[in-house]
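Structure first, then comments.
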Amino acid sequence: MSEDFTSYTEVDPNSKITETTTRVTWASIARNEEAYVYKDKGVGYFDGDFSVLMTLKPVESTTGSGDYASPFMLANDLDDERAFIFSKSYDCLCLGLSDPSASGVSTKLYIYEVDNGSLYTGAGGLEGNAWWWLTNGTIYYLKLIRNESVGTYGTFYCYIYSDALRSNLLATLSVALHTSKKDFRYIYPFSNYNATTGGWNHSGYVENLSLSGDSEGYIHIYPTDPTTRVTSIIHRYDRGVYNTELLFGDVISDFSISNVDSSTSKTYQSKEELGKINKAMPTPQPIPTAPTSPVQPTPSPTVATPTSQPPTGIVELTQYAKDILATPAGQAAVARQQGLAQGVEAVVTPYAIDVLKRNEEEAKLLTQIQKMTTAAKATGITSYARGVLLQAIVDAKARLKELYKQ
């Protein structure tokens, strides 16, 4: 979800900045004006790995040489961009706009770190992999990532895309971080340079800034607490009625989805999805037969071989009941009844029958889990069908745990 910029604080004595819910705009602001927008997220809010998604449009700029504004900055202090670079012992992660071309049609976007007042950029300084020419009047879609597993203290990246889906990558900027792994408190969607000399008027905007990401740029759709997060979403159709079901609880392992345009939607037909699931499943394998009970009577009487036919005295059975009696557990129950009718001890005790039932259910569950796992990994299956299979696997494993506890 994008940040609400109306909740941010504006320092702008000359009224050159405006905010809407999703956009921060600066207009004809000179290089020597004090002006910035920020929000206090709390001490240590930006810790570990994170990613930020944002849209940037540099509208216009007069010619000049040097920095003139920052469209994004994380810091632990409140000040303008120039103060972070030259004046004090600050720390920050920052994007900068600088060196507008002589024709005024392009501007450099670069990435840098300030560590205790020392400026660090990518290899080769601002002429290396830390900057990229932007065309004024063009919208760019950025993804910013800090990955603390790359390098001694982590690496800060900026990926520049030409499309909102972030599929067409134009450039990758990066800077290795120094001296320690740092947490940050304040976020700036805009900070003017505030130099000692004026001129170099410039305009632009930052829009749709989202903080909900990890070190790979994925947006998570659940809280980290397993007791409150949604583990599955089911869109169910039943005789003309559509229902959306949210299931809460823990899952086998965390999973995430790439950030996509939230306006995209797709309708699935139940029969088509079930058909795809069935086609993706391998040919069913025979279910292992439950072992014969080791419990034997003493002395061992002669008992008629059990069959799938119902015991004497039952006039009519449903097909469902007949199917149950045809199972090993059902036949064992028939044998026991026949033995009691003949006045002898049961061939199979009630405990043994219960063990047989559990063994049979366990075998079925293991077979189902194997088939569904294979189907979920199949190519060509839709994300909806895969989600149904994953939830069924979770349910089957939960039932197995219950059987093992018995």
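What to note about this one:
- Pairwise FRET efficiency - T18 versus I139, Cβ, R0 = 22 Å, nearest 0.05: 0.75
- Sparsely packed trypsin sites (Lys or Arg not before Pro) within the stretch 134-194, loop by DSSP, other Cβ within 10 Å at most 16: K181
- Per-pair calculated FRET efficiency, R0 = 35 Å: S210 and S89 via Cβ, rounded to 0.05: 0.65
- Treating r as the C-beta distance of A363 and Y384 and R0 as 25 Å, the FRET efficiency rounds to 0.25.
No value in this document is a laboratory result; all are computed from the given coordinates. Since the model is a prediction, treat every value here as computed from it, not as a measurement. So basically every Cβ, Gly included, is an ideal-geometry build from the backbone, and we count neighbours across all protein chains shown.
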